[in-house]
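Trainee: This is the structure, below, for whatever I ask next.
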Amino acid sequence: MKKKLFYYQQITLLVISLFFCFYLLGFDNLHFSNQTWLLNGDLSQYQLGWKFYREDIWRFPLGLNPNYGITNSSSIVFSDSIPLFAIIFKILRNFLPENFQYFSLWIFICIYLQGLLSFKIIYNFTKNTLYSLISCLFFIFSTILINRSGIHLSLTAHWLILGYFYVQISELNHKDFKKHLIIYLSLLIHFYFSLILVGIFFLEKIIKFKKLK
């Protein structure tokens, strides 16, 4: 029964996330071969950074992207092209179409994880599935998330912060190790999240230290 309920929760969140993606991007823009919505403003910078990085040879450090910008000082990080996805899809580049873009997939994943982790946090306190499902919609439809999804795509990864808090309140083992993993993961997405998470981590340690005194 619990396993069935788990599947129903996941399917519900996936459907909500998919339909919300349709609303934000439009049905056509979800297609991985459609990059027309990435040709204006800051969005063009993200796609151009990825295209230069994709066509270049492998370099070290892995994010080095000298053909985009100012020679060796340029990196996939500076074009906000979501380094984590850029590296993964560069490995798969021989199997991808020429005009491939991963940003629609990124937005969908961010919306889904935003809903999933907020659901888990709320359920941890309430143990009420319906209440948790309704409550997680407030996180999915967050105006800040919606705003970033149309301007700064890498900054839609609010789920990183939710993931950190979920580890903290859960009964998982090796919590500090998992928190470190989330911080390291944030380095492959956007440094803003890394700074926020490192700040939360040290604030947490200071509070614990004061309680021990």
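The values are calculated or read from the model by the stated rules, or taken from the named source; none is laboratory data. If you're wondering where the values come from, they're calculated on a predicted model, not measured in any experiment. Positions of Cβ are backbone-derived with ideal geometry, glycine not excepted, and every protein chain shown enters the neighbour counts. Heavy atoms of the whole protein, side chains included, go into the accessibility calculation; ligands, DNA and RNA do not. Shrake-Rupley method; radii C 1.70, N 1.55, O 1.52, S 1.80 Å.
Trainee: About the Cα centre, and with charges only on the beta carbon of Lys, Arg (+1) and Asp, Glu (-1), how big is the dipole of the chain? Nearest 20 debye, please.
Mentor: 1120
Trainee: For the chain, report the convex hull volume of the alpha-carbon atoms normalised per residue, in Å³, without decimals.
Mentor: In the chain, the Cα convex hull volume per residue is 157 Å³.
Trainee: In whole angstrom, and with the biggest value first, how far do the Cα coordinates of the range 1-88 range along each principal axis?
Mentor: Principal-axis extents of the Cα atoms in the range 1-88, largest first: 57, 29, 18 Å.
Trainee: Return the loop-located chymotrypsin sites (Phe, Trp or Tyr not before Pro) in the range 7-44 (DSSP other than H, G, I, E, B) with at most 13 other Cβ atoms within 10 Å of their own Cβ; answer none if there are none.
Mentor: PHE27
Trainee: Where the centre of each part is set by its Cα atoms, how far does the range 1-65 sit from the range 178-211, in angstrom?
Mentor: With the range 1-65 and the range 178-211 each reduced to a Cα centre, they are spaced 25 Å.
Trainee: Still on this structure, I have one more. Quickly estimate the mean residue ellipticity at 222 nm for the chain, helices only: each DSSP H run with n ≥ 4 gives -39500 (n - 2.57), and the total goes over all residues, rounded to 500.
Mentor: One gets -21000 deg cm²/dmol as the mean residue ellipticity at 222 nm.
Trainee: If you don't mind, there's one more thing I want to ask. Charges on Cβ only, +1 for Lys and Arg, -1 for Asp and Glu, centred on the Cα centroid of the range 58-211; of VAL167, ILE109, LEU92, which one is farthest towards the dipole's positive end?
Mentor: VAL167
Trainee: I need to check one value: relative contact order of the chain, counting alpha carbon pairs closer than 8 Å and at least 6 residues apart, in percent.
Mentor: Worked out over the chain, it gives 19 percent.
Trainee: What's the local net charge at ASN34, with K and R +1, D and E -1, over the other residues with C-beta under 13 Å away?
Mentor: Here the count lands on -2.
Trainee: Now a separate question. Apply the Debye scattering formula to the range 126-213, with a single equal point scatterer on each alpha-carbon and no solvent, then give log10 I(q)/I(0) at q = 0.10, 0.11, 0.23 Å⁻¹.
Mentor: -0.33, -0.39, -1.17
Trainee: Here's something else I'd like to know. Based on the inverse mean of 1/r over its pairs of different Cα atoms, what is the Kirkwood hydrodynamic radius of the range 84-154, in Å?
Mentor: 14.0
Trainee: Given a 1.4 angstrom probe, I'd like the percentage of the accessible area of the chain that is carbon and sulfur, rounded to a whole number.
Mentor: Answer for the chain: carbon and sulfur cover 70 percent of the accessible area.
Trainee: Hey, what did the range 1-107 get for relative contact order, percent, Cα under 8 Å, at least 6 apart?
Mentor: Contact order relative to length: 27 percent.
Trainee: Let me ask something else about it. Tabulate in residue order the Karplus-calculated ³J(HN,Hα) for the range 17-23, using 6.51 cos²θ - 1.76 cosθ + 1.60 with θ = phi - 60°, rounded to whole Hz; enter x for Gly and Pro.
Mentor: 5, 5, 5, 5, 5, 4, 5
Trainee: Can you tell me the FRET efficiency between LEU39 and ARG93 if r is taken as the Cβ-Cβ distance and R0 is 25 Å, rounded to the nearest 0.05?
Mentor: 0.75
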